[in-house]
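Have a look at the structure below, then the notes.
The values are calculated or read from the model by the stated rules, or taken from the named source; none is laboratory data. The model shown is predicted, which means the values in this text are computed figures rather than measured ones. As a convention, Cβ positions derive from the backbone with ideal geometry for all residues, glycine included, and neighbour counts pool all protein chains shown. Heads up: the accessible areas ignore ligands, DNA and RNA and are worked out on the full protein's heavy atoms, side chains in. Shrake-Rupley method; radii C 1.70, N 1.55, O 1.52, S 1.80 Å.
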Amino acid sequence: MNRELILLRTFAFTAVIGIVFLTASAFKTDGHEKFTEIDVERINIVEKDGTVKMIITNVEKFPNGEDKINGNPTNKTRKKRSGMLFFNEDGIECGGFIYDGQKNKNGHSSGLSLTYDQYNGDQVMQLLTQDYKKGDKRVVASGLYFNDRPSKESQIKTGEIMAELNQIKDPEAAQKKYKEYEQQGLIGGAPRMMLGKTKDEHNGLFLFDSKGQPRDRFCVDKNNEAKLDFLDDEGNVTASFPEKKKK
């Protein structure tokens, strides 16, 4: 009996040592692993201290709602999409890449957006493409946009303000409150420049004033006519080159 007990103990000890050896051998000491192919629903790229710097995700794992990244809340109203989110050294979201596309009752709807955010704010640069069916017509618009953002905005404060505004049932009261926050430099913003193709098939450079109103456009229209237009703050053309020929 003693002899059998000794043999069993020896076997158990040897087996444990073998398992430890095999486990250690499975992971290289330099931490580098090579994969030919991998299927994954989400990847979090992190620093050594655990700070998330990038998220690559499918639709289901896209962070929103009650999710927190680096201790910061995420946009509760943001639609889930597949793509990537970027975070800066302070752990704050600073941009992303998203895309989608599917058939619907009108035909189809798809899009792509690559953005870069103002520090602790919303996007100041965006590469955007939209492609959808409207009736029998297919509408495609693509452009590179540059935007102004409020000087005092922060992502957490913006979320709090929008939640507050959503609770105001009176549209006029909500608009008044929005204007108050806008004057404080907490929310708002406006497009200032777009280079690309519009929904009405104008290809060119489009400039906007500080209120987001179009003021200048240099483009080739859908009739292949090149023109330079200047507009007032109400969108009326005040001057054009070349001038329109009188009939």
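Condition check ((1) in a loop (DSSP other than H, G, I, E, B); (2) surrounded by fewer than 15 Cβ atoms within 10 Å (Cβ to Cβ); (3) free of Cβ contacts under 8 Å to residues at least 24 places away in the same chain; (4) out of contact with any Leu (no Cβ under 9 Å at 6 or more places or on another chain)) across all residues:
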{"residue": "Lys61", "(1), (2), (3), (4)": "yes, no, yes, yes"}
{"residue": "Gly65", "(1), (2), (3), (4)": "yes, yes, yes, yes"}
{"residue": "Thr77", "(1), (2), (3), (4)": "yes, yes, no, yes"}
{"residue": "Lys80", "(1), (2), (3), (4)": "yes, no, yes, yes"}
{"residue": "Leu85", "(1), (2), (3), (4)": "no, no, no, yes"}
{"residue": "Glu89", "(1), (2), (3), (4)": "yes, yes, no, yes"}
{"residue": "Gly96", "(1), (2), (3), (4)": "no, no, yes, no"}
{"residue": "Tyr99", "(1), (2), (3), (4)": "no, yes, yes, no"}
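Is it fair to say Phe241 is aromatic (Phe, Trp, Tyr) and exposed (fewer than 15 other Cβ atoms within 10 Å of the Cβ)?
Working: aromatic (Phe, Trp, Tyr): yes; exposed (fewer than 15 other Cβ atoms within 10 Å of the Cβ): yes.
Yes: the conditions hold for Phe241.
Could you name every one of the strands (runs of 3 or more DSSP E) located completely within the stretch 106-189 that has at least 2 residues being farther than 19 Å from Lys79 by Cα? Spell out the reasoning first.
Numbers: elements: 107-117, 123-134, 137-148.
Here the list reads 123-134, 137-148.
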What residue, among those in the stretch 206-247 that are of a type in the set (Val, Ile, Thr) and over 20 Å from Gly196 (Cα atoms), is nearest to the chain's Cα centre (by Cα)? Val237
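Answer yes or no as to whether Leu186 is open to solvent by 80 Å² or more (accessible area, probe 1.4 Å), within 22 Å of the chain's Cα centre (by Cα), hydrophobic (A, V, I, L, M, F, W, C) and closer than 30 Å to Tyr119 by Cα. Give the steps one after another, and end with the answer.
Numbers: open to solvent by 80 Å² or more (accessible area, probe 1.4 Å): no; within 22 Å of the chain's Cα centre (by Cα): yes; hydrophobic (A, V, I, L, M, F, W, C): yes; closer than 30 Å to Tyr119 by Cα: yes.
Answer is no for this residue.
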Let me spell it out: the conditions are (1) more than 25 Å from Glu182 (Cα to Cα); (2) surrounded by 10 or more Cβ atoms within 10 Å (Cβ to Cβ), and Gly212 meets all of them except one. Which number is the exception? (1)
Just a yes or no: is a residue in the stretch 119-130 open to solvent by 40 Å² or more (accessible area, probe 1.4 Å), of a type in the set (Ser, Thr, Tyr), at pLDDT 95 or above and closer than 25 Å to Glu201 by Cβ? yes
Going by what's in this entry, would Thr57 be described as more than 30 Å from Lys68 (Cβ to Cβ) and either at pLDDT 80 or above or among the aliphatic types (A, V, I, L, M) (or both)? no
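Which residue, of Ile161, Ile168, Ile156, is out of contact with any Asp or Glu (no Cβ under 8 Å at 6 or more places or on another chain) and either in contact (Cβ under 8 Å) with a residue 40 or more places away in the chain or of a type in the set (Ser, Thr, Tyr) (or both)? Break it down into steps so the answer makes sense when it comes.
Details: Ile161 fails: either in contact (Cβ under 8 Å) with a residue 40 or more places away in the chain or of a type in the set (Ser, Thr, Tyr) (or both); Ile168 fails: either in contact (Cβ under 8 Å) with a residue 40 or more places away in the chain or of a type in the set (Ser, Thr, Tyr) (or both).
Answer to the selection: Ile156.
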